[in-house]
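The values are calculated or read from the model by the stated rules, or taken from the named source; none is laboratory data. Just so you know, these numbers come straight off a predicted model, no measurement behind them. As a convention, Cβ positions derive from the backbone with ideal geometry for all residues, glycine included, and neighbour counts pool all protein chains shown.
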Amino acid sequence: MGYTDPDFSGFYFDVLRAVYTKPEYELDFKIVSFPASLKMLEGGGADIVLGVYNNELRKGYFSDLPVEREVLAAVMTPERAASWKGTESLTNLRVGSIEGYAFEGRLPVSAHYREFESIDLMLRMLQVGRLDVILDYRPDLEHYMEKLDLPFVIKGDLPQSAIYFAFREDARGLALKKHFDRRFKELLGKGKVWELLLNALGKEDAEEAFPFVCNNGKCLSNPALLQH
């Protein structure tokens, strides 16, 4: 799916392996639900959490730079897609997303928003008319659409946000953050971050998700790509 696959492949894991190299660091990955990951970080049960907005933690540090820009998309029937105009088209619709994603702040007030445990479940609900639209990250949606061969349409034109890594709020977490910030900037300047993203997502999605403008090895966050 591109970011955190069950076999510990994906862009986020690749970034961590490139930043925290052996023998100085030993990585121990665990995949849990997003709400559980935040609780683990804030409770000291995890050192790093991957893929968070920079306002989602009550306790913790964020990476200095975003690691990517989310590529948020919507799945719907072809009939609904024919009149799609972006966020405004979600008015009064039943909208579903994965537990913990908390996309309700991106939607019209009149949208009926619910969260579910899996994309599979939401796609089945869309099939039988119990949901109107599914919101998720484009690479994940493309994976399930291809896997299940369903006659739905993926549409974009939605607000996108910068995505960060987060670190536990103690001396250990601060040391990990400082190392990450230094090493990530080095990898970014050498083109390695782009290479990892390209390998994980493919060219089209990687271009959407890369939140930097680079020139002669110097990369800066692109404000135009980080608008909510």
**Asked** Inside segment 103-116, can you point out the residues that are assigned to a loop (DSSP other than H, G, I, E, B), out of contact with any Ser or Thr (no Cβ under 6 Å at 6 or more places or on another chain) and either at pLDDT 90 or above or surrounded by 15 or more Cβ atoms within 10 Å (Cβ to Cβ) (or both)?
**Response** 107, 111
**Request:** Taking the residues in segment 132-161 that are in contact with a Gly (Cβ under 7 Å, 6 or more places away or on another chain) and surrounded by fewer than 21 Cβ atoms within 10 Å (Cβ to Cβ) as candidates, determine which candidate is farthest from residue 72 (Cα to Cα).
**Result:** 157
**Message:** Considering only residues that are surrounded by 15 or more Cβ atoms within 10 Å (Cβ to Cβ) and within 21 Å of residue 161 (Cα to Cα), which ones fall in segment 88-99?
**Reply:** 89, 90, 95, 96, 97, 98
**Fill in**
Across segment 101-141, the tally of residues that are under 26 Å from residue 6 (Cα atoms), in contact (Cβ under 8 Å) with a residue 24 or more places away in the chain and not hydrophobic (A, V, I, L, M, F, W, C) stands at 7
**Message:** Would you confirm, using the coordinates I've provided, whether residue 180 is crowded, with 18+ Cβ neighbours inside 10 Å and either part of a helix (DSSP H, G or I) or aliphatic (A, V, I, L, M) (or both)?
**Reply:** yes
**Residue in segment 59-69 that is assigned to a loop (DSSP other than H, G, I, E, B), charged (D, E, K, R), over 20 Å from residue 141 (Cβ atoms) and in contact with a Ser or Thr (Cβ under 9 Å, 6 or more places away or on another chain) present** = no
